[in-house]
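Each value in this text was obtained by applying a stated rule to the coordinates, not by laboratory testing. Here the structure is a predicted model, which is why all the values come from computation and not from measurement.
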Amino acid sequence: MATIRQERIGQLIQEELSGIFQKMGFNNKDGGLVTITQVNMTPDLLIARVFLSMFNIKKPEELLAEVEEQKSEIRHQLGNKIRNQMHRIPELEFRIDDSLDNVFKLEELFKKIKGK
């Protein structure tokens with residue numbers, strides 16, 4: 001279970017990364033939408049696991065690879081924004097959040113069950 005400090009730092013990083021993604025053009029790619037759904041911090045606050053939800057993105061793995069290529073620039077910009085709140089800027093780990101896909105699959109299953 002995450003501590004209050006981990007949750008607050010995670011929320012701060014999520015807000016700042018959302019702005020950075022918007023500036024870098026990652027939030028709107030090829031007609032799809034990319035959002036940061038959650039940021040989980042390790043207990044030592046040195047690693048931030050960033051979960052990306054990709055709606056209507058044809059090849060999410062390619063987009064994730066593109067984000068990974070820009071990770072050092074993203075971390076640098078994040079450091080400029082939060083350097084007064086944190087001593088060390090955490091390393092970023094980007095992951096695909098597939099919870100939205102699971103919701104759509106469940107809705108389809110419920111529609112099939114209801115239709116029978």
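Annotations for the structure displayed:
- Hydrodynamic radius (Kirkwood) for the stretch 42-84, which is based on Cα pairs only, to one decimal in Å: 12.3 Å
- Put simply, the C-alpha atoms of the chain give a gyration tensor, and the ellipsoid matching it has half-axes of 30, 18, 10 Å, longest first.
- Between helix 60-69 and the chain: long-axis angle, C-alpha atoms, 0 to 90°, nearest 10: 10 degrees
- The distance linking the stretch 67-106 with the stretch 1-45 is 5 Å (Cα centroid to Cα centroid, whole angstrom).
- Shape parameters for the stretch 1-45, alpha-carbon atoms, Rg then Dmax in Å: 12.5, 38
- Its alpha carbons give the stretch 48-116 an Rg and a Dmax of 17.6, 59 Å.
- In the stretch 4-115, the DSSP beta bridges split such that about 60 percent are antiparallel, to the nearest 5.
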